[in-house]
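Working notes for the structure below.
The values are calculated or read from the model by the stated rules, or taken from the named source; none is laboratory data. Just so we're clear, the structure is a prediction, and the values are computed from it rather than from any experiment. Here the Cβ positions follow ideal geometry from the backbone for every residue, glycine too, while neighbour counts run over all protein chains shown.
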Amino acid sequence: MLMDISKIKICIFDVNGVLIESNLANAQAMGEAFTDDPALRDQIVEQYLKLTGIDRGSKIRIIQEQVMKRPFKEKEFEQRWERVKELVHVSMSKAPLIKGCKEVLTQLGKRKITRVALSNTPRAELEKILSAQGLESYLDFIRGGGDWPKTESLGRLLREFQFEPNKCLFMGDGKGDLAAARSAGVAFVGIDPGTGEFDDEEGFEGPYKNLSEWGRQVLGMRSGGKRGG
């Protein structure tokens, strides 16, 4: 049974993998930030793509432990963070938008539903990326993260604007996003192009391949929407 969108007043979007098709590009950026070794980069990309819905700092620490297999040297974590920040800004700014992105955001705006971008990417950095992608005018609020989990980011968002959880919908592409929604008591829609991320999960809507598919089924959009639009 499809959800009743008329009960939703706030729609919250994860950014990577939901609005912007940037997961692979970001994984490659993470690999480049760590090493010049092609084999190690491939391992980092593989590991990164499994780390959905968690903050950047945790990803850096996990990769250091599981791929690089040694402790950080003095100030090495900070250096990794800054290098990842530089490379991810480029990768996310150039990556294509998810199919149906602008069409869905437009339709939600017409329905007077508040549209929020919520990412683990730090806010100032995120705002620049969304501006480069031409998405700022399609969003009502933009909130980023930091060295903390998505559960905390979503909780902060709800408290800041006093959003009622039962009137919110959160769209994400990872189990970490789903866990955040469950913790906050917010309805969740899974977006997964076919990775099987949510195969063992239940109690949410979807997964849908992209926003276009969700828009057709839930919003009644006639057009499937274009990739990058």
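Laid out as a table, the results:
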quantity: Looking only at region 163-176, and only at residues there that are in contact with a helix residue (DSSP H, G or I) (Cβ under 6 Å, 6 or more places away or on another chain) and modelled with pLDDT of 95 or more, the one that is surrounded by the most Cβ atoms within 10 Å (Cβ to Cβ); calculated: 170
quantity: Filter pass, residue 104 being part of a helix (DSSP H, G or I) and over 15 Å from residue 11 (Cα atoms); calculated: no
quantity: Tally of residues being touching a Gly at 6+ places or on another chain (Cβ under 7 Å), within 17 Å of residue 19 (Cα to Cα) and buried (at least 21 other Cβ atoms within 10 Å of the Cβ) across region 55-96; calculated: 0
quantity: Helices (runs of 4 or more DSSP H) enclosed by region 21-68 - at least 1 residues per element that are in contact with an Asp or Glu (Cβ under 6 Å, 6 or more places away or on another chain); calculated: 56-63
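Table: residues versus (1) in contact with a strand residue (DSSP E or B) (Cβ under 6 Å, 6 or more places away or on another chain); (2) within 18 Å of residue 211 (Cα to Cα); (3) not hydroxyl-bearing (Ser, Thr, Tyr).
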residue: 110; (1), (2), (3): no, yes, yes
residue: 116; (1), (2), (3): yes, yes, yes
residue: 119; (1), (2), (3): no, yes, no
residue: 125; (1), (2), (3): no, no, yes
residue: 128; (1), (2), (3): no, no, yes
residue: 133; (1), (2), (3): no, yes, yes
residue: 143; (1), (2), (3): yes, no, yes
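Yes/no per residue for (1) in contact (Cβ under 8 Å) with a residue 12 or more places away in the chain; (2) over 24 Å from residue 179 (Cβ atoms); (3) touching a His at 6+ places or on another chain (Cβ under 6 Å):
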| position | (1), (2), (3) |
| --- | --- |
| 17 | yes, no, no |
| 20 | yes, no, no |
| 42 | no, yes, no |
| 58 | yes, no, no |
| 65 | no, no, no |
| 69 | no, yes, no |
| 90 | yes, yes, no |
| 98 | yes, no, no |
